[in-house]
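Each remark here refers to the structure printed beneath this line.
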Amino acid sequence: MKKDLLHGVPLRESTSILVLKIIILVISSEVVFIAFAITLLLLPSGHPLLRTAILVIASAVQMLIQTMVIVLIFLRWSGKHARFVDKWLIQSEGLFSSKEKVYDLSNIGTMSIKRNMLGRLLQHGTISLGSSVISGYGNEIQLNNIYLPERVHAYIEGYMSKTLSANSVVQYPLSN
């Protein structure tokens, strides 16, 4: 039996979103550092060597904080994913201690893809999966910022159509 390309493959937040978060972090950090440096240089008193030493120390602290935050962003990104295994959607979260939620795809009643302008540009979107009437409402599953969400949508639709055709009821006429 041939498996689909998404079967068992982790679905993570788009790497373009990860890179965008890191770029925003670096730019905002640089703006704060430049404002600090300008403020320090514009102060009327103080020895120039002391100002230089303060700037060097502040730059080292900024670099250390940036590195730590980038590592934390990456670890959070890599530890959070979802995957399809047979008739299940499994959402996992965490690297060192993980938490998993397992959803039965046969209970999916509604699907939608939400995109904003950036999502259309970078080809990612949020997929919302709602429970069917049979399994009860209120259990909405969110797959945030997934790259090529149409591919995931098509996978779930394919599974649902296979399930419907396999479970279809054959009706025979009572009389000829």
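The values are calculated or read from the model by the stated rules, or taken from the named source; none is laboratory data. Here the structure is a predicted model, which means the values were calculated and not measured. Neighbour counts run over all protein chains shown; Cβ positions are idealised from the backbone, glycine included. Remember, those area values only see protein heavy atoms, side chains included, never the ligands or the DNA or RNA. Shrake-Rupley method; radii C 1.70, N 1.55, O 1.52, S 1.80 Å.
Miscellaneous remarks
- In this structure, the amide hydrogen of residue 145, modeled 1.01 Å from its nitrogen in the peptide plane, lies closer than 5 angstrom to those of 125, 126, 127, counting only residues at least 5 positions away or on a different chain.
- Between residue 101 and residue 55, the FRET efficiency estimated from the beta carbon spacing at R0 = 41 angstrom works out to 0.30.
- Using a probe of 1.4 Å, the accessible surface attributed to residue 162 totals some 140 Å² when neighbouring protein chains are kept in position.
- Aspartates and glutamates whose Cα lies under 18 Å from that of residue 101, excluding same-chain neighbours fewer than 8 positions away: 13, 86, 93, 140
- Since only 71, 41, 112 are under comparison, the one whose Cα sits farthest along the positive direction of the charge dipole of segment 1-124, derived from C-beta charges on Lys, Arg, Asp and Glu, is 112.
- Close amide H contacts of residue 139 (hydrogens built in the peptide plane, cut-off under 5 Å, sequence separation of 5 or more or a different chain): 131.
- Distance between the pseudo-spin-label points of residue 68 and residue 142 (7 Å out from Cα toward the beta carbon): 2.8 nm.
- Alpha-carbon Rg/Rh ratio, for segment 29-74, with Rh computed the Kirkwood way: 1.10
- Compactness of segment 1-114, expressed as Rg and Dmax over alpha-carbon positions, Å: 22.9, 77
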